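What follows is calculated from the coordinates using simple rules that are stated; it is not laboratory data. Just so it is clear, the structure is predicted and the values come from calculations on it, not from any experiment. Backbone-built Cβ (ideal geometry, glycine too); neighbour counts: all protein chains shown.
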């Protein structure tokens, strides 16, 4: 088992923070770009900036809720939950995971970096007083709510973390039964 303060353990923390930073940067830069494009092209809510089949970049109304349009109008509560989530991820990724070698892997650091980056990206929008909510602009048909880069980062991060956790648990179970 690697010690948490070994070079490999430190590298995992670098990967964690780089992943989060890349997600926040991509999310925020894309939101800045799309808000500027909405203004430059004088797009009304619902109008498309770009279309390619069912994929569109649209001017969506600010999202005052969470993923999939849930909890609309609860911006303050979602801001508090996001802040708590950021603190919990940081505490887990930097302190607690050292006690659980199954979860102290590069994959778990990447997945937590995705979740942290996505959460921080949307939190920045929620904390920005000039915005009325989170900026969503990616549309994949009328059957799916608009989203931004932070949303799939969170979703993919959670799914991969759960798969990593299940895989590690199965490997540990196989080692114990052997």
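With labels modelled as points extended 7 Å from the Cα through the Cβ direction, what inter-label distance (nm, one decimal) is found for residue 37 paired with residue 143?
Placing both labels 7 Å along Cα→Cβ, they lie 2.5 nm apart.
How big is the gap, in Å, between the Cα center of the stretch 133-174 and the Cα center of the stretch 23-96?
Cα centres, the stretch 133-174 to the stretch 23-96: 14 Å.
Projected area of the stretch 7-171, taken from the Cα convex hull and averaged over every viewing direction, in nm²?
Values: hull surface 43.6 nm².
One quarter of the hull surface, i.e. the mean projection, equals 10.9 nm².
Relative to the first principal axis of the alpha-carbon coordinates of the chain, what is the inclination of helix 75-94, with its axis defined by its Cα atoms, in degrees from 0 to 90 and to the nearest 10?
30
Could you compute the FRET efficiency for residue 128 and residue 88, with r as their C-beta to C-beta distance and R0 at 25 Å, rounded to 0.05?
Values: r = 23 Å, r/R0 = 0.90.
Once the sixth-power term is evaluated, E becomes 0.65.
With labels modelled as points extended 7 Å from the Cα through the Cβ direction, what inter-label distance (nm, one decimal) is found for residue 11 paired with residue 107?
Calculated label separation equals 1.7 nm.
To the nearest 10 degrees, how steep is helix 106-127 against the longest Cα principal axis of the chain, on a 0 to 90 scale?
The helix 106-127 is inclined about 30 degrees to the chain.
Given R₀ = 30 Å, what would the calculated FRET efficiency be for residue 71 paired with residue 159, taking r from the Cβ atoms and rounding to 0.05?
Details: r = 21 Å, r/R0 = 0.69.
Once the sixth-power term is evaluated, E becomes 0.90.
May I ask for the angle, rounded to the nearest 10°, between helix 150-177 and the longest principal axis of the chain, with both axes built from Cα atoms and the value confined to 0 to 90°?
20
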